[in-house]
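Quick notes on the structure that follows.
Any read-out appearing in this document is the output of simple, stated calculations on the displayed coordinates, not a laboratory observation. Predicted model, so just to flag it, every value in this text is computed and none were measured. Don't worry about glycine lacking a Cβ; one is built from the backbone with ideal geometry, like all the others, and counts go over all protein chains shown.
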Amino acid sequence: MTVPLALLGLLDREPSYGYDLKRAYDTYFGRGRPLPFGQVYSTLGRLARDGKVTAGQSEPGDGPDRKRYAITTLGKQEVEAWLAEPVAAEPFLQTVLFTKVVLALMLGHDAQGYLDTQRATHMRRMRELSEIKRGGALVDTLLADHALFHLEADLRWIDVTTARLGALAEMVRQP
Amino acid sequence: MTVDALPVPGPLLEARSIDRSYGRTQALRAASLAVTAGEVLAIMGPSGSGKSTLLHCLAGIFTPDAGEVWFDGRRLDLLSDARRSELRRTAFGFVFQFGQLVPELTAADNVALPLLLGKARRKPAYRRAAELLRRLELAELSGRRTGELSGGQAQRVAIARALVTRPKVIFADEPTGALDSLTGEKVMELLVGLARQEGTTVIVVTHDARVAACADREVMVRDGKVTDPYATDPYAAGAVR
């Protein structure tokens, strides 16, 4: 979902060739997962089909012929609407954790042990992210911060659930 | 007094099944923990779980009611008050949440103080203080009274003071507890970075997961017992450090 919108946003800055768009995307948003060229051009093709970008005439360059893409009014409107809309505050991970904890208690498994293992897994990832931040570029630091705060929120939930595990166990074991 | 020697190599600091109570409240129950030389360890846990008590027992500030504390091959809990006090002054450094600096003295005075109290000569003491203040990015503030410094600056002075005697272990109890997120992060980065350069072991008590993530590993204290998550974590083999 974000790749087409990110490309549209980059085109809103200035018209670009596919190669330059890919390079800008990888610099700001790729972070170790570069966008394949095929995906760049297929996405631009779909955006052009939907009237959100226009493709210029083929121009000769150093390599194969290339097209310059520009955003349309419809495309601009889509970028503006997307930027203005807050991201859904989905408790995506907690629901998985919660399901696991409840099932572990129902089945008489070691829910505390599960939470401890989950906690250690989170902490290990947080250490990796802290390492990335040390001496990393500002963009890497900010992205690592984003992940760190999310993991921290999960950890708080794990701690609170740990403290209430007895009460939860009593509740789920009632027929 | 007979002081037994630990088999070598062993942990630098170790609590073996220690208990500690305050009146009828038991803060530690058979708590065990081993810390390797040069390691940065975070002790986490909810309020009142016993994590600060554990730190105080490891640092020889409290004596456990039962169990043993070993430091560098010696039974710390069997040492006299005077010997433990001397050890705290020479081998240990401390960073607390706040309140450990003398506000009327300058940053340089505060940092040099432990050396001067240990009868070091004035000039080398201040030279060492200046070097640490520089490495903590406080060179320009060395002549400023610590009462005039911001919370983050004061904590960096406290770190310099904790390191000035070249201790083997630094004990930090919620060192970033009174700081905002960014300042706390900077303080931890400097504390851990400098400790690694000096080869100092760091034991930090914190409830902040981001602070704990700066450590090599963490243990949890719950109801006075220590839980080492890596003891049961199949992914963690070799992950420490």
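The GluC sites (Glu not before Pro) of segment B:41-117 that meet both conditions, a loop assignment by DSSP and at most 15 other Cβ atoms within 10 Å of the site Cβ, are B:Glu104.
Convex hull of alpha carbon positions in segment B:1-106: directionally averaged projected area 8.6 nm².
P(r) for the protein assembly as shown, please, calculated from all Cα pair distances in 10 Å bins and given in %. Taking all Cα pairs of the protein assembly as shown, the binned fractions are 4, 17, 23, 20, 15, 11, 7, 2, 0, 0 percent. Taking 0.36 nm per residue of sequence separation and removing the Cα-Cα distance, the A:Tyr17/A:Val172 pair yields an extension gain of 50.0 nm. Here is what passes the span test in chain A: the DSSP H helices with alpha carbon length of 20 Å or more along the helix axis and a Kyte-Doolittle mean of 0.5 or above are A:92-106, A:138-163. With Cα atoms defining each centre, segment A:110-150 and segment B:45-90 are spaced 31 Å apart in the structure.
What do you get for Rg/Rh of chain B when both radii come from the Cα atoms and Rh is the Kirkwood radius?
On the way: Rg = 17.8 Å, Rh = 18.4 Å.
Using only Cα positions, Rg/Rh for chain B is 0.97.
Between the helical axis of B:107-117 and the longest alpha-carbon principal axis of chain B there is an angle of about 60 degrees. Bridging of B:Lys225 to lysines at a Cα separation below 24 Å is possible for B:Lys51, once same-chain residues fewer than 8 apart are set aside. For B:Lys119, the lysines whose Cα comes closer than 22 Å to its Cα, not counting residues fewer than 8 places off in the same chain, are B:Lys168. Taking the charge dipole of the protein assembly as shown about its Cα centre, with +1 at Lys and Arg Cβ atoms and -1 at Asp and Glu Cβ atoms, the residue from A:Tyr69, A:Pro36, B:Leu58 reaching farthest to the positive side is B:Leu58. Here chain A has an Rg and Dmax of 22.9, 74 Å, counting Cα atoms alone. Here segment B:101-166 is described by how far its Cα atoms reach on the three principal axes: 30, 23, 17 Å, from widest to narrowest.
Would you kindly calculate the mean projected area, averaged across all directions, of the convex hull enclosing the Cα atoms of segment A:2-84, in square nanometres? The directionally averaged projection comes out at 5.4 nm².
Report for the protein assembly as shown the percent antiparallel among DSSP-assigned beta bridges with both residues inside it, nearest 5. Beta bridges within the protein assembly as shown, antiparallel portion: roughly 60 percent. In chain B, the DSSP beta bridges split such that about 50 percent are antiparallel, to the nearest 5. The mean number of Cβ atoms from other chains found within 10 Å of a Cβ in peptide B:212-219 is 5, as a whole number.
Stretched out straight at 0.36 nm per residue, the stretch from B:Glu189 to B:Glu137 would grow longer than its current Cα-Cα span by 17.5 nm.
Percent of C-alpha pairs per 5 Å bin in segment A:92-173, short distances first: 3, 15, 23, 20, 13, 10, 8, 5, 3, 1, 0. Computed over chain A, the per-residue total of -39500 (n - 2.57) for DSSP H runs of n ≥ 4 gives a 222 nm mean residue ellipticity of -22000 deg cm²/dmol, rounded to 500. Cross-link check: pairs A:Lys76/A:Lys133; A:Lys22/A:Lys133; A:Lys67/A:Lys133; A:Lys100/B:Lys186 evaluated at a Cα-Cα cut-off of 32 Å; pairs beyond the cut-off: A:Lys76/A:Lys133; A:Lys67/A:Lys133; A:Lys100/B:Lys186.
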